[in-house]
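To keep things clear, I will list the structure first and then write my remarks on it.
Only the coordinates and a few stated rules stand behind these numbers; no lab work does. Just so it is clear, the model here is predicted, and its values are computed rather than measured. When we count neighbours, we look across all protein chains shown, and the Cβ atoms used for this are built from the backbone with ideal geometry, even at glycine.
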Amino acid sequence: MPLLELEDVTAFYGPVQVLEGVSLTVPESGAVGILGANGAGKTTTLRSISGTVRAEGRIVFDGTDIRGMRPDKVAALGIAHVPEGRGTLGDLTVRENLRVGAYLRRDRKAIATDIDYCLDLFPQLQSRIRSNGSALSGGEQQMLAIGRAIMARPRLMLLDEASLGLAPSTAKNVYEAIGRLRRESGIAMLVVEQNANLAFTLVESATVLETGRNALTGSTAELRGMDEIRRAYLGG
Ligand code: ATP
């Protein structure tokens, strides 16, 4: 049984339908990518999982039907959403932001251990631990947003455009850290990414969305071999 299964998911902003039947699965400890042009529905697919947009169809996480569930309930089941734009809290310090990620937990010692782990994964945050979120660079905010998700001890992480607006070397650093997190934690990942070259360093398979539907799904190796993927997403 996959950890997450979406079958024929549709989603709406008010009366406007933006997903027209999206299906995908994420295996336990697997990493799956979602590629597609602007407006294809990648972000909306993640939102339909985390409960922040109205969705129809089947969305099953670890055997539980989570479609239509409130976002806080979905989070409590073990799904952490790292949103596009990061969503770090500007008025709180780095340490406070990390603590916020652990708001459902009471295991103080393990929380402290996990904060140390985040700082080991993202050493740049160590020297910024008392800085406000708003004072961080874009790369540091992205690291903090991922750190906050780690603090929830999720089984599945939804990552939306983690490289957006970052210098290439910073984006590479962030993806290397996500790869290490994956190897060390076994957290499953569903990864929306414009930069397919980066995404393919992390995921085993991906689906390409076009106007709210799956256009193609395959293993990373299969997709790399397709001319249309190379042209549209891999820069030639
Ligand atoms: P991007 O990379 O630009 O974020 P995306 O593939 O993630 O693209 P979505 O953000 O899921 O695409 O958007 C899918 C469609 O839904 C687009 O046509 C977009 O204009 C529309 N849309 C997104 N958010 C809203 C909203 N809050 N209200 C109405 N329409 C929206």
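Given the structure, is S163 among the polar types (S, T, N, Q) and loosely packed, with under 13 Cβ neighbours inside 10 Å? Criteria not met by S163. Looking only at residues of region 78-106 that are without any contact (Cβ under 8 Å) to a residue 40 or more places away in the chain and part of a helix (DSSP H, G or I), we find that the one that is surrounded by the fewest Cβ atoms within 10 Å (Cβ to Cβ) is E96. Residue pairs whose Cβ atoms lie under 6 Å apart, separated by 6 or more positions or on different chains, with the first residue in region 35-51 and polar (S, T, N, Q) and the second part of a helix (DSSP H, G or I), are S50/P71; S50/V74.
Go through region 86-113 and report how many residues are within 16 Å of the ligand (Cβ to nearest atom) and either over 14 Å from S50 (Cβ atoms) or polar (S, T, N, Q) (or both). Write out each step before concluding.
Keep residues of region 86-113 that are within 16 Å of the ligand (Cβ to nearest atom), which gives 86-87.
Narrowing the set further to residues that are either over 14 Å from S50 (Cβ atoms) or polar (S, T, N, Q) (or both) leaves 86.
Qualifying residue count for the region: 1.
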